[in-house]
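Reviewing the structure listed below.
Read-outs: derived from the displayed coordinates by stated rules, not from any lab. All of these numbers come straight from a predicted model, not from anything done at the bench. We place every Cβ from the backbone using ideal geometry, glycine too, and count neighbours over all the protein chains shown.
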Amino acid sequence: MQIEFPNFQKDLYSIHIRAKIFRFYSVFLDSYFFSFLDKLSLLKNRFVFILQ
């Protein structure tokens, strides 16, 4: 059985890059999602205020 180290190294590198991209996107999506949630809660509070 032969182990090909360059291929393994390349896989590790691609996984590393993918993890970096995923982390960047998750941070971006988290901030976007939380701002969206904030807007939603503000709207909900406004509706409750109008209904009262």
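Nearest 0.05, what FRET efficiency do Leu42 and Ala19 give at R0 = 35 Å with Cβ-Cβ as r? FRET efficiency, Leu42 to Ala19: 0.55. Can you give me the angle between helix 5-51 and the longest principal axis of the chain, using Cα atoms only, in degrees from 0 to 90, rounded to the nearest 10? Approximately 0 degrees, to the nearest 10.
One chain, two ends: Val27 and Phe8. Fully extended at 0.36 nm per residue, the span grows by 4.0 nm beyond their Cα-Cα distance.
Global dimensions of the chain from alpha-carbon coordinates: Rg and Dmax equal 22.3, 75 Å.
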